[in-house]
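*Asks:* Before I ask anything, let me first share the structure, which is written out below as structure tokens.
The values are calculated or read from the model by the stated rules, or taken from the named source; none is laboratory data. Predicted model only: the values in this text are computed from it and were never measured. A quick note on method: Cβ atoms are made from the backbone with ideal geometry, for glycine too, and the neighbour counts reach across all protein chains shown.
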Amino acid sequence: MHELSITQAILDTALRHAEQAHVKTIRALDLRVGALSGIVPDSLRFYFDLINKGTLAEDARLEIELVPPRARCRACGAEYDFPFEADVAEAWLAQLESLEPCACGQRAYELSGGTGCYLDSMDVE
Amino acid sequence: MTRIPVIANVLEYNTAVAADVRKIVGSRVLTLNLISSPGAGKTTLIERTAAALKGELRLAVIEGDLATTLDAARVAAQGVPVVQINTNGGCHLEARQIMAALPQLPLGDADVLIIENVGNLVCPVEFDLGEDARVVVTSLTEGDDKPLKYPASFMAAQAVVVNKLDLAPYLPVSMDRLCQSITAINGRAKIMPLSCATGEGLEAWLDWIRAALRAKRERGSLS
């Protein structure tokens, strides 16, 4: 449900930048979506195809990269990549708990990042 | 075909309005954004908080629901100024709705502004309402797996209230597992188990509010 207002914000952002750059048409939008953001890529595509009619982005594709959260050391704040499976909470919790100790010697992590929705770039003509 | 860089937060419109909300609310009022699934006890927590802090701290409340003014009526019965926002199907509150509600509240006579978000552990996450702190309310009847299933809500919280503690003897729920999951997602969140029904644990929650208000006012006077 909230994807409609987010998709509208994506389209507004894209059109604003396209007009500033005086482009004729937008071919693709490169988006980064946090895997924890609660924003569903299929839903974005569905709404985008409904609301882009009659705009510079009418034929644009959404290229969506899902950004996973990282593991942050609770003692020193250092961050590490770890295998995050959005669908299997038991699996990522086990992964988080079985990470090697941090460079600072501590071994207690929490999640960091993996939220938000960013328009990185656009393919235009 | 050419590629042009943009690098924009697509929710910047909401974030910008949230910053305006912070300015209008000012440095004397603590703003809390309460997030939970439906039925966790947000409104009851507000009722208990209002009753317990009466004569000490002045509350103002913004209620968010898809429909009805039922919650606003409950809060108003506590003698607390309240504005009801009906989202008419919208699954979360946005900063612009808070901005529209602010003129209807006596902020000059308030110490704590509590925003009760729409009951939903997913959609409100990405929408900053201009709050100083986010509080997730979970309850034992929801089971101990909600933090793992809805990590983003818990990740963004400064405090987690675990309500319905009085029902613990009747439920197959592990408080240890619940707390361990919350800590794995967010080690900085203060976890406060309590029962709005019996009042057990409520004092820790009230102390947390008092401390958060004090911290904000000290920050405000320094800046």
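*Asks:* For residue A:89, all conditions in the list (1) surrounded by fewer than 15 Cβ atoms within 10 Å (Cβ to Cβ); (2) more than 18 Å from the chain's Cα centre (by Cα); (3) within 23 Å of residue A:32 (Cα to Cα) hold save one; what is the number of the exception?
*Replies:* The one condition residue A:89 does not meet is (1).
Every residue, every condition in (1) in contact (Cβ under 8 Å) with a residue 12 or more places away in the chain; (2) among the basic types (Lys, Arg); (3) assigned to a strand (DSSP E or B), yes or no:
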position: B:56; (1), (2), (3): no, no, no
position: B:64; (1), (2), (3): yes, no, yes
position: B:78; (1), (2), (3): yes, no, no
position: B:93; (1), (2), (3): yes, no, no
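*Asks:* I've got another one for you. Which one of the conditions (1) closer than 23 Å to residue A:112 by Cβ; (2) free of Cβ contacts under 8 Å to residues at least 40 places away in the same chain does residue B:132 fail to meet, given that it meets all the rest?
*Replies:* Condition not satisfied by residue B:132: (2).
*Asks:* Check whether at least one residue in the stretch B:27-38 is out of contact with any His (no Cβ under 6 Å at 6 or more places or on another chain), surrounded by fewer than 16 Cβ atoms within 10 Å (Cβ to Cβ) and either closer than 22 Å to residue A:12 by Cα or among the β-branched types (Val, Ile, Thr) (or both), and report yes or no.
*Replies:* No, the conditions are met nowhere in the stretch B:27-38.
*Asks:* For the stretch B:108-135, how many residues are within 11 Å of chain A (Cβ to nearest Cβ) and among the β-branched types (Val, Ile, Thr)?
*Replies:* 3
*Asks:* One residue is enough: does the stretch A:25-48 have a residue meeting the conditions farther than 21 Å from residue B:123 by Cα and away from chain B (no Cβ under 11 Å)?
*Replies:* No, the stretch A:25-48 has no match at all.
*Asks:* Go through B:105, B:70 for me and flag whichever is surrounded by 18 or more Cβ atoms within 10 Å (Cβ to Cβ) and away from chain A (no Cβ under 14 Å).
*Replies:* Just one listed residue meets the conditions, B:105.
*Asks:* Okay, next question. Please state which of the following conditions residue A:58 fails to meet, knowing it meets all the rest: (1) over 23 Å from residue B:182 (Cα atoms); (2) modelled with pLDDT of 95 or more; (3) more than 20 Å from the chain's Cα centre (by Cα); (4) within 10 Å of chain B (Cβ to nearest Cβ).
*Replies:* (4)
*Asks:* Being within 14 Å of another protein chain (Cβ to nearest Cβ), closer than 21 Å to residue B:209 by Cβ and of a type outside the set (Lys, Arg) is true for just one of B:7, B:35. Which residue is that?
*Replies:* Going through B:7, B:35 in turn, just one is within 14 Å of another protein chain (Cβ to nearest Cβ), closer than 21 Å to residue B:209 by Cβ and of a type outside the set (Lys, Arg): B:35.
*Asks:* Determine the pairs where a residue that is within 13 Å of chain A (Cβ to nearest Cβ) and more than 10 Å from residue B:182 (Cβ to Cβ), located within the stretch B:136-165, has a partner that is buried (at least 24 other Cβ atoms within 10 Å of the Cβ) and of a type in the set (D, E, K, R) with Cβ atoms under 8 Å apart, the partner being 6 or more residues away or on another chain.
*Replies:* Sorted first by the residue in the stretch B:136-165, then by its partner, the pairs are B:156/B:134.
Okay, residues lined up against (1) surrounded by 17 or more Cβ atoms within 10 Å (Cβ to Cβ); (2) in contact (Cβ under 8 Å) with a residue 40 or more places away in the chain:
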site: A:10; (1), (2): yes, yes
site: A:19; (1), (2): no, no
site: A:22; (1), (2): no, no
site: A:30; (1), (2): yes, yes
site: A:52; (1), (2): yes, yes
site: A:74; (1), (2): yes, no
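*Asks:* Return yes or no: is residue B:100 of a type outside the set (Val, Ile, Thr), more than 14 Å from chain A (Cβ to nearest Cβ) and either surrounded by fewer than 17 Cβ atoms within 10 Å (Cβ to Cβ) or assigned to a loop (DSSP other than H, G, I, E, B) (or both)?
*Replies:* Numbers: of a type outside the set (Val, Ile, Thr): yes; more than 14 Å from chain A (Cβ to nearest Cβ): yes; either surrounded by fewer than 17 Cβ atoms within 10 Å (Cβ to Cβ) or assigned to a loop (DSSP other than H, G, I, E, B) (or both): yes.
So residue B:100 fits the description; yes.
*Asks:* Would you tally the residues in the stretch B:142-186 being part of a strand (DSSP E or B) and not aliphatic (A, V, I, L, M)?
*Replies:* Within the stretch B:142-186, residues that are part of a strand (DSSP E or B) and not aliphatic (A, V, I, L, M) number 1.
*Asks:* Give me a count of the residues in the stretch B:172-208 that are more than 16 Å from residue B:44 (Cβ to Cβ) and either surrounded by 18 or more Cβ atoms within 10 Å (Cβ to Cβ) or within 20 Å of the chain's Cα centre (by Cα) (or both). Write out each step before concluding.
*Replies:* Just the residues of the stretch B:172-208 that are more than 16 Å from residue B:44 (Cβ to Cβ), to begin with: B:172-191, B:203-204, B:207-208.
The next check asks that each one be either surrounded by 18 or more Cβ atoms within 10 Å (Cβ to Cβ) or within 20 Å of the chain's Cα centre (by Cα) (or both); those that pass are B:173, B:178-179, B:181-191, B:203-204, B:207-208.
Within the stretch B:172-208, residues that are more than 16 Å from residue B:44 (Cβ to Cβ) and either surrounded by 18 or more Cβ atoms within 10 Å (Cβ to Cβ) or within 20 Å of the chain's Cα centre (by Cα) (or both) number 18.
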